[in-house]
Amino acid sequence: MSDATADLRPLTLTFESRLAEVLARGQERSRGFGAPYAQLWESLTAMAHGGKKVRPRLLLDAYEALGGIDERAAVDAACAVELLHLALVIHDDVIDKDLMRRGEMNITGRFASEAMVRGASRSDARAWGEASSLLAGDLMLTTAHSLLARLDIPEDRRHAVLDVFDDTIFESAAGEHCDVWLSLHLDQAHPEDVLTMIDQKTASYSFAAPLVLAAVLAGAPRDLIDELTAIARGIGVIYQLRDDVLGVSGDERQTGKSTLSDLREGKETLLIACARNDPSWSEVAHLFGDATLSVADSQLLRRVIEESGATVFVESVIAERCEQVHAAIESATLPIALQEQLTALTTACATRTS
């Protein structure tokens, strides 16, 4: 996420130290299982130290604004949402066959590269790297679940927290599965299909889960939780629509992401669903999803997307959704501090450049 979306209060040292403690425990245990496994945990720890930590920030700020007083429970929940994020990012890179993230080798790339240096074939090294990533993601999922299952809070509230976590993973998996299916282009993807996929894949875990977990932990009433859920999902869709625009025409120096990758992958976005309805799409359809897409051909694709009006349309959807979310925040029965935070976050997601 961008610097703008990270413009929230600083994370407490408690969160940072607790996350380090959780990962250090895994590192310590891993040393009894061989050097490669210890290296995997070292990679996870290094990965966890990066990023803007927007999800745990969102949870902790919301919990405080809603009157929560059990800092330990909130911090452990914040660690859990950050570990969930790491797990899904790691698995997503495997699904997308990516070797890089934010300009650096991801776990697959790092482990595959080291295996090749030691003499493994390219295919064997790639298999080793992907296996390492899959297992790393699994480890983060189970560690996150363990943190929530061990929360020292009333049993009914802990069960509610676990239900939120379970629903989040279930829905995120559905969204990811749908995303991969749409990228096969076996069915015509309509804008509504893409928006539903975004809601399930991104909005559910990145925004709804932190806010709903905070509300449940704080003992908020059902009506307020429902309001927060709707607001969070709206913010998540805005965030992903902007991400899709940046993925095609953003500044790579700011985003840290290639503007070729989504086009080579054949990623089905609202931009593409709209551009496909333009007659000129037939001239470049064969280029979309070409793993060897050249820079010159990518420029042809971008020109068709732009001239079809798809970019203007998506920008109008972002603006409209932003207005809707702002209105929902204003009318919700939320503390003023949380309203201001969510309003700023919505605007930041809509206007971010990285």
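Among the candidates Gly236, Gly247, the residue that is without any contact (Cβ under 8 Å) to a residue 60 or more places away in the chain, closer than 21 Å to Val325 by Cβ, part of a helix (DSSP H, G or I) and not β-branched (Val, Ile, Thr) is uniquely Gly236.
Which members of the stretch 305-339 meet the condition of being charged (D, E, K, R) and loosely packed, with under 14 Cβ neighbours inside 10 Å? Don't jump to the end; show me each part of the working.
Of the stretch 305-339, the ones charged (D, E, K, R) are 306-307, 315, 320-321, 323, 330.
The answer is Glu307, Glu320, Glu323, Glu330.
Scanning the stretch 289-336 for residues that are of a type in the set (Val, Ile, Thr), part of a loop (DSSP other than H, G, I, E, B) and more than 21 Å from Glu268 (Cβ to Cβ) returns a single hit, Thr333.
Whether any residue in the stretch 36-56 is closer than 30 Å to Leu224 by Cβ, surrounded by fewer than 18 Cβ atoms within 10 Å (Cβ to Cβ) and either in contact (Cβ under 8 Å) with a residue 24 or more places away in the chain or out of contact with any strand residue (DSSP E or B) (no Cβ under 8 Å at 6 or more places or on another chain) (or both) is what I want to check. Yes - at least one qualifying residue is present in the stretch 36-56.
A quick yes/no check of all residues on (1) modelled with pLDDT under 95; (2) closer than 27 Å to His190 by Cα:
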residue: Glu306; (1), (2): no, yes
residue: Thr311; (1), (2): no, yes
residue: Ser316; (1), (2): no, yes
residue: Arg321; (1), (2): no, yes
residue: Glu330; (1), (2): no, no
residue: Thr346; (1), (2): no, yes
residue: Thr353; (1), (2): yes, yes
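It is to be established whether one or more residues within the stretch 111-131 are touching a residue at least 24 places away in the same chain (Cβ under 8 Å), surrounded by fewer than 19 Cβ atoms within 10 Å (Cβ to Cβ) and out of contact with any helix residue (DSSP H, G or I) (no Cβ under 9 Å at 6 or more places or on another chain). Scanning the stretch 111-131, I find no residue that is touching a residue at least 24 places away in the same chain (Cβ under 8 Å), surrounded by fewer than 19 Cβ atoms within 10 Å (Cβ to Cβ) and out of contact with any helix residue (DSSP H, G or I) (no Cβ under 9 Å at 6 or more places or on another chain), so the answer is no. On inspection, Arg55 passes the criterion of being within 23 Å of Lys267 (Cβ to Cβ) and either within 15 Å of the chain's Cα centre (by Cα) or part of a helix (DSSP H, G or I) (or both).
The values are calculated or read from the model by the stated rules, or taken from the named source; none is laboratory data. Here the structure is a predicted model, which is why all the values come from computation and not from measurement. Because the Cβ atoms are built from the backbone with ideal geometry, glycine has one as well, and the counts that use them run over all protein chains shown.
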